[in-house]
């Protein structure tokens, strides 16, 4: 796939979208949601110029869920070429930082 920064017609790859989502910080933990492992799937659809994001939160009762999902939506919509974004919260598998978080995040959280 062509890099989306080199041509206006290209559509961003899942990797490019994940990289953009590193801007979204979980306000309670202070770390980005990608490295926390909260983004389960990034499904770009170049034909429809849309992106489906399947993600979770650190807990089902997270009071900042609407803020985080809203930030995900806005971040993806700002990526050149994306016309629409759908963010779905999923609870299976349940988020487990020892499984889903990056090594750097596990170390910062004291999870060995």
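The values are calculated or read from the model by the stated rules, or taken from the named source; none is laboratory data. Just so you know, these numbers come straight off a predicted model, no measurement behind them. With ideal geometry, Cβ positions are generated from the backbone for all residues, glycine too; neighbour counts draw on all protein chains shown.
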(request) State which residue is surrounded by the most Cβ atoms within 10 Å (Cβ to Cβ) when the search covers only segment 96-112 and only residues that are in contact with a helix residue (DSSP H, G or I) (Cβ under 8 Å, 6 or more places away or on another chain) and under 19 Å from residue 55 (Cα atoms). (result) 101
(request) Kindly indicate the residue of segment 1-18 that is at pLDDT 95 or above and farther than 14 Å from residue 102 by Cα and also surrounded by the fewest Cβ atoms within 10 Å (Cβ to Cβ) among those meeting that condition. (result) 15
(request) Check whether at least one residue in segment 63-85 is surrounded by 18 or more Cβ atoms within 10 Å (Cβ to Cβ) and modelled with pLDDT under 95, and report yes or no. (result) no
